[in-house]
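Inspection log for the structure reproduced underneath, given as structure tokens.
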Amino acid sequence: MSDEPAARIAEFIEPLRVAPGTRVDLGRDFDPGYRAGLRKREAEELLRTGVALLAEYQQRLAAQDTYGVLLCLQALDAGGKDGTIRHVMSGVNPQGVRVSSFKVPSDEELAHDYLWRYTRRLPERGEIAIFNRSHYEEVLVVRVHPENLVRQKLPGEARGPDVWERRYREINEWERHLTDSGFKVVKIFLNLSKEEQRTRFLKRIDLPEKNWKFSAADVRERRHWDEYQRAFSAMLSATSTAWAPWYVVPADRKWFARICTAAVLAHTLMDIDPRYPEVSEEARRDLLAARRELEREAPSGAPADPYAARHVRARDGRGAGPEPPDGGGHGGPAEGGKHGRPRRHGKRRGRG
Ligand code: ATP
Ligand code: MG
């Protein structure tokens with residue numbers, strides 16, 4: 001991959017990034033209707049490119065076992081989290097991605113420290129974990145509705161007046177620890193305008209097939225709009241760090257929000273630049289021995305290696321085998337063998 005798309009993506013997302021240390025006032029600093037001069041028609045092509053790029057990089061990420069990615073998505077109701085996940089991740093191998101949605105905490109969750117439930121859903125190396133809502137709810141909804149803090153059964157000193165500053169620090173340190181351990185933390189806030197939220201709510205009420213998406217609680221939360229704007233502004237100011245910056249994605253146009261999210265995620269993966277594992281001399285010898293054995297089994301009249309006969313011969317004669325013309329499809333690196341190293345199927349658990 002040449003550096004050119006990487007540079008273009010970096011330039012495209014730069015206006016969305018909250019520079020660490022800046023004091024954010026959402027209403028003043030970020031326009032939910034911004035679209036970088038793009039039109040919807042151009043956007044479709046761009047999203048296709050982005051989705052293909054993500055598919056390629058995710059395949060490479062899954063083939064290595066040093067890095068993982070955590071994507072945190074925050075938004076107000078009707079901000080478009082679900083649709084963004086669906087579109088942006090449409091090209092990637094579901095085996096390498098796990099999505100977790102965080103709702104009102106259960107009794108079991110409240111019986112632990114506030115980061116516990118998020119820790120349990122972190123990615124493995126090689127994976128992308130997506131948090132649909134995240135640990136940031138702990139300084140957003142919990143701040144706007146302090147009764148949530150009461151339910152958390154904290155000792156007195158952990159719920160004093162400095163509780164939010166304390167949590168910002170704890171969250172920053174937690175993310176720093178994750179980053180230092182090989183897990184990139186990507187944080188996206190889908191920034192919706194109050195008027196666009198009103199329109200989307202009404203659409204959910206007007207269209208019977210959308211009714212299930214609407215809850216009366218959504219309108220009750222909307223009454224706290226200004227408090228949420230303040231809580232988001234304070235949170236963005238305090239937790240956009242050099243190791244895990246926030247991106248404020250304009251969300252009034254769903255198509256633009258999707259391109260931005262794909263671009264931020266692609267930027268992260270390109271930065272990691274995951275590589276397929278090198279095949280050791282020993283593994284290569286095993287591959288060649290296996291090939292000889294399989295070639296000896298060829299029925300009379302059949303080519304010794306039908307694949308090589310049909311496609312290009314392995315270019316460098318190292319026996320690693322050429323890429324199938326379809327790029328290997330979704331089987332990808334998880335199929336094993338191709339790179340001479342067993343993949344980690346055996347150790348993977350089921351996904352919830
Ligand atoms: P959708 O409405 O699209 O299904 P959603 O993420 O809004 O998705 P809901 O079940 O509607 O899901 O809402 C989840 C609720 O849980 C939100 O109101 C959110 O603020 C709340 N919530 C999440 N985390 C916490 C938390 N730590 N403490 C209290 N409330 C929380
Ligand atoms: Mg909801």
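Please compute P(r) over all alpha-carbon pairs of segment 3-272, binned at 5 Å starting from zero, and give each bin as a whole-number percent.
Distribution as computed: 1, 5, 12, 17, 19, 18, 14, 8, 4, 1, 0, 0 percent.
Can you tell me the FRET efficiency between Leu294 and Asp273 if r is taken as the Cβ-Cβ distance and R0 is 35 Å, rounded to the nearest 0.05?
Once rounded, the FRET efficiency stands at 0.55.
Full-extension gain between Asp107 and Lys213, please, as 0.36 nm times their residue separation minus the C-alpha to C-alpha distance.
Result: 35.6 nm gained on full extension.
Roughly what angle does helix 254-272 make with the longest principal axis of the chain, taking Cα atoms, 0 to 90 degrees, to the nearest 10?
Value to nearest ten degrees: 60.
Cβ neighbours within 10 Å, averaged per peptide: list 218-224, 103-109, 247-253 in order, most packed at the top.
247-253, 218-224, 103-109
At a threshold of 8 angstrom on Cα-Cα distance, excluding pairs fewer than six apart, so keeping six or more, what relative contact order does the chain reach in percent?
Values: 460 pairs, mean separation 102.6, N = 352.
With pairs under 8 Å counted, the relative contact order is 29 percent.
Apply 1/(1 + (r/R0)^6) to the Cβ-Cβ distance of Asp180 and Leu115, taking R0 = 25 Å, and write down the FRET efficiency to the nearest 0.05.
0.95
Which of the GluC sites (Glu not before Pro) found in segment 232-288 are in a DSSP loop and have at most 14 neighbouring Cβ atoms, other than their own, within 10 Å?
Sparse-neighbourhood loop GluC sites (Glu not before Pro): Glu278.
Size of segment 133-229 along its principal axes in angstrom, Cα-based, largest extent first?
46, 35, 21
How big is the dipole moment of the chain about its Cα centre under a simple scheme where the beta carbon of each Lys and Arg is +1, that of each Asp and Glu is -1, and everything else is neutral? Debye, nearest 20, please.
About 740 debye.
Please give the peptides 129-139, 254-264, 145-155, 82-92 ranked by average Cβ packing (other Cβ atoms within 10 Å per residue), highest first, as a rough proxy for protection.
The peptides rank, most packed first, as 254-264, 129-139, 82-92, 145-155.
What value, in deg cm²/dmol to 500, does the helix sum -39500 (n - 2.57) over DSSP H runs of n ≥ 4 give at 222 nm once divided by the residues of the chain?
-13500 deg cm²/dmol
Order the peptides 62-73, 30-41 from the highest to the lowest mean number of other Cβ atoms within 10 Å of their residues. Kindly include the intermediate steps, with their values, before the conclusion.
On the way: 62-73: 21.3, 30-41: 14.0.
Going by the mean number of other Cβ atoms within 10 Å, highest first, we get 62-73, 30-41.
Which residues' amide hydrogens lie under 5 Å from the amide hydrogen of Val99, considering only partners 5 or more residues apart or on another chain, with H built in the peptide plane?
HN-HN under 5 Å from Val99: Ile130.
Take Glu147 and Asp226, extend 7 Å from each Cα along the Cα→Cβ direction, and tell me the distance between the two endpoints in nm.
The answer from the label model is 2.2 nm.
For the chain, find the longest principal axis of its Cα atoms and tell me its angle to the long axis of helix 3-13, 0 to 90°, nearest 10.
Taking the Cα atoms of the chain, the angle to 3-13 is about 10 degrees.
If you restrict to DSSP beta bridges whose two residues both lie in the chain, what percentage is antiparallel, to the nearest 5? Before the final figure, lay out the partial values.
Details: 1 of 24 bridges.
Rounded to the nearest five, the antiparallel share is 5 percent.
Values quoted throughout were computed directly from the atomic coordinates according to the rules given, and no laboratory measurement underlies them. Since this is a predicted model, take the numbers as computed values, not measurements. Positions of Cβ are backbone-derived with ideal geometry, glycine not excepted, and every protein chain shown enters the neighbour counts.
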